[in-house]
Amino acid sequence: MRLALLGCGTVGSEVVRLLHTQSADLAARIGAPLKIVGIAVRRIGRDRGELPVDPAVFTTDPLDLVKRDDVDVVIECVGGIEPARGWLVEALRAGKSVVTANKALLAEDGGTLHDAAAEGGGDLYYEAAVAGAIPLLRPLRESLHGDRITRVTGIVNGTTNFILSAMDATGAGFAEALEEATDLGYAEADPTADVEGFDAAAKAAILASLAFHTRVGAADVHREGITEVTAADVISAKAMGCTIKLLCIAARGVAADGRETVGVRVHPAMIPLTHPLASVGDAFNAVFVEAEAAGQLMFYGRGAGGAPTASAVLGDVVAVSRNRLAGVRAASESAYADLPVRPMGEALTRYHISLDVTDRPGVLAAVAGVFARHDVSIATVRQGSGGGGVAGRGEDADLVIVTHVAPDTALAATVRALRGLDTVRSVASVLRVEGGA
Ligand code: NDP
Ligand code: HSE
């Protein structure tokens with residue numbers, strides 16, 4: 001089985017190492033040896049340490065490589081939309097099988113890749129694209145195909161989980177924790193994709209597509225990152241017996257007209273320390289799947305890093321190689337349900353709102369009135385002396401309000417109205433609360 005590898009960075013170089021160290025076992029499992037016939041990179045002369053591969057296989061022309069007749073399987077570990085899309089479409093249409101870790105491309109235009117695979121007759125596998133080493137996509141697209149998945153909740157970005165865990169455990173600053181995550185090979189080439197939630201949104205789209213048999217793209221996902229989460233939010237969460245995580249939530253729902261819908265969102269949220277996802281630290285990922293017959297399932301493991309991701313890539317290489325040798329291909333994309341995606345405004349959630357207010361009679365009543373007018377029920381209120389005021393003289397106060405569940409649109413309108421109150425000096429932070437705290 002002749003392999004072309006596109007990209008030899010954090011993930012690609014580990015794929016090369018694993019292919020070498022496991023070569024005998026992999027050949028026995030597949031029934032044929034695996035051979036790397038080409039590796040495409042951007043800079044041939046880059047120092048890649050000790051790589052167990054003939055330097056002559058390196059090229060800077062990925063398109064030429066994927067077109068070669070002596071290539072059976074293309075493994076893509078470059079990332080980004082273009083030029084990766086062009087290479088993979090070319091490979092798939094030519095009948096090659098493709099294994100990719102590129103969630104950004106799958107979420108942006110997975111349909112084109114699936115169509116090209118169907119046209120060419122090869123396989124398209126992408127286990128590494130979501131949650132690194134965790135076997136998650138195959139359970140969704142195979143093991144759970146007899147069931148009806150109702151909700152998927154997860155931590156699917158290792159970099160942001162690493163940052164939030166460090167902020168929570170050691171009080172580390174955001175920038176310092178991001179630098180460490182980047183050094184450890186967790187972050188994307190542009191870490192904005194991690195901290196602004198684009199990476200998690202892409203993974204959420206892939207998960208929702210598989211779970212609900214519907215094409216969900218990155219643009220369908222409501223996305224917020226973690227750049228606005230402050231040390232004060234982390235302390236406030238602790239005071240409530242919670243921790244802050246960047247969550248991906250994909251769930252079935254029913255629209256006002258009775259039609260079934262799916263909602264997909266990524267945002268930071270407070271979750272109670274008793275929630276199974278609360279103890280997921282470092283760059284680990286975990287995904288909680290709820291299905292009608294199976295009940296609750298939890299998938300946990302390393303969500304980022306070269307070797308864990310290469311493990312998932314290699315699992316796919318074995319699967320597509322076996323298929324090719326047997327002359328079969330995996331089942332095509334399942335998107336028959338074609339459910340409409342509901343807007344974020346209809347999501348039912350809870351808010352934790354911190355306000356800096358003037359501490360005088362009637363302020364609490366005015367604030368409570370805003371919630372009442374928007375039909376949002378308050379669950380708890382906590383008041384402390386304000387950071388800018390003189391303790392004991394009652395000039396400023398901090399108000400922390402947690403709501404009951406309400407539509408996101410009503411909660412957002414409440415926050416806008418609070419910003420307009422004379423007595424509210426500022427809305428210091430707004431975070432969603434998930435998981436029944
Ligand atoms: P890196 O930035 O470490 O590696 C990218 C590789 O692609 C490099 O070898 C680079 O070449 C090569 N490359 C970039 N542009 C081109 C081009 N135009 N032509 C040829 N080669 C090119 O990325 P990662 O290994 O971290 O990520 C690769 C993919 O895996 C991405 O899709 C990412 O989202 C995904 N992924 C990453 C995970 C991780 O933990 N890092 C986990 C799960 C998925 P050169 O070496 O010469 O610069
Ligand atoms: N940058 C990604 C993360 C890599 O931090 O989760 C794994 O997909």
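The values are calculated or read from the model by the stated rules, or taken from the named source; none is laboratory data. Everything numeric in this text was worked out from a predicted model, so none of it was measured. All Cβ positions, even for glycine, are placed from backbone atoms using ideal geometry, and neighbour counts span all protein chains on display. Surface accessibility is based on the protein's heavy atoms, side chains included, excluding ligands, DNA and RNA. Shrake-Rupley method; radii C 1.70, N 1.55, O 1.52, S 1.80 Å.
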So how strong a dipole does region 344-433 carry about its Cα centre when Lys and Arg Cβ are +1 and Asp and Glu Cβ are -1, to the nearest 20 debye?
40
Kindly state, to the nearest 0.05, the FRET efficiency for T60 paired with R93, given R0 = 22 Å and r defined as their beta-carbon distance.
0.45
Apply the Karplus curve 6.51 cos²θ - 1.76 cosθ + 1.60, θ = phi - 60°, to the phi angles in region 104-110 and return the couplings in whole Hz, x for Gly and Pro.
4, 5, 4, 6, 6, 8, x
Among 285-297, 314-326, how do they line up by average Cβ neighbours within 10 Å per residue, starting with the highest?
314-326, 285-297
Just the number please: accessible area per residue for region 188-310, 1.4 Å probe, all protein chains included, in Å².
37
Three-way shape call for region 137-302 based on the alpha-carbon gyration tensor, with the a/c threshold at 1.5:
prolate
With each run of n ≥ 4 DSSP H residues scored as -39500 (n - 2.57), what mean residue ellipticity at 222 nm is computed for the chain after dividing by its residue count and rounding to the nearest 500 deg cm²/dmol?
-10500 deg cm²/dmol
Regarding region 179-225, what is the average projected area of its C-alpha convex hull, in nm²?
3.6
With the label point 7 Å along the Cα-to-beta-carbon line of D257 and a cut-off under 19 Å to each amide N, the hits in region 338-363 are 338-347
Candidate lysines for bridging to K103, where Cα separation is under 30 Å - those fewer than 8 sequence places away on the same chain excluded:
K35, K67, K203, K245
For A294 and D190, compute 0.36 nm times the residue count separating them, minus their Cα-Cα distance, and round to one decimal in nm.
33.6 nm
Which whole-number percent gives the relative contact order of the chain, counting Cα pairs below 8 Å spaced six or more residues apart?
16
With the full set of protein chains in place, find how many percent of the accessible area of the chain is carbon and sulfur; take the probe as 1.4 Å.
51
Relative pair counts by distance (%), Cα atoms of region 344-433, 10 Å bins
18, 53, 24, 5, 0
Enumerate the residues in region 133-163 having an amide nitrogen under 18 Å from the point lying 7 Å beyond the Cα of D282 toward its Cβ.
133-135, 155-163
What does the net charge come to around G306 if you take all other residues with beta carbon closer than 11 Å to its beta carbon, with K and R at +1 and D and E at -1?
+1
Counting only Cα, what are the radius of gyration and maximum Cα-Cα distance Dmax of region 24-96, in Å?
13.5, 36
Quick one: compute the contact order of region 137-302, relative version, from alpha carbon pairs under 8 angstrom and 6+ residues apart, as a percent.
32
For the peptides 44-55, 338-349, 13-24, what is the packing order when you average, over each peptide's residues, the other Cβ atoms within 10 Å and list the highest mean first?
13-24, 338-349, 44-55
Mean Cα-pair separation over length for region 344-433, i.e. relative contact order, pairs under 8 Å, 6 or more apart, %:
48
Here, V328 and D375, labelled 7 Å along Cα→Cβ, have an inter-label distance in nm of 5.3
Using the reciprocal of the averaged 1/r over all distinct C-alpha pairs, how large is the Kirkwood radius of region 85-221 in Å?
16.1
Would you be so kind as to identify which of G146, G111, V313 lies farthest towards the positive end of the dipole of the chain, taking Lys and Arg as +1 and Asp and Glu as -1 on Cβ and the Cα centre as origin?
G146
Treating the chain as a set of equal point scatterers at the Cα positions, no solvent, please give the Debye-formula log₁₀ I(q)/I(0) at q = 0.13 Å⁻¹.
-1.10
Projecting the Cα atoms of I36, A293, T59 onto the charge dipole of the chain, where Lys and Arg contribute +1 and Asp and Glu -1 at Cβ, the residue farthest towards the positive end is A293
Treat every Asp and Glu Cβ in the chain as -1 and every Lys and Arg Cβ as +1, leave all other atoms uncharged, and give the resulting dipole magnitude about the Cα centre to the nearest 20 debye.
620
May I ask you to give the solvent-accessible area per residue for region 344-433, in square angstrom, as obtained with a 1.4 angstrom probe?
48
Solvent-accessible area per residue for region 2-113 (1.4 angstrom probe, square angstrom):
45
Measuring from its Cα centre, region 137-302 shows a charge dipole (+1 at each Lys and Arg Cβ, -1 at each Asp and Glu Cβ) which, in debye to the nearest 20, is 720
Within 10 Å, count the other beta carbons around each residue, average over each peptide in 89-98, 421-430, and list them highest first.
89-98, 421-430
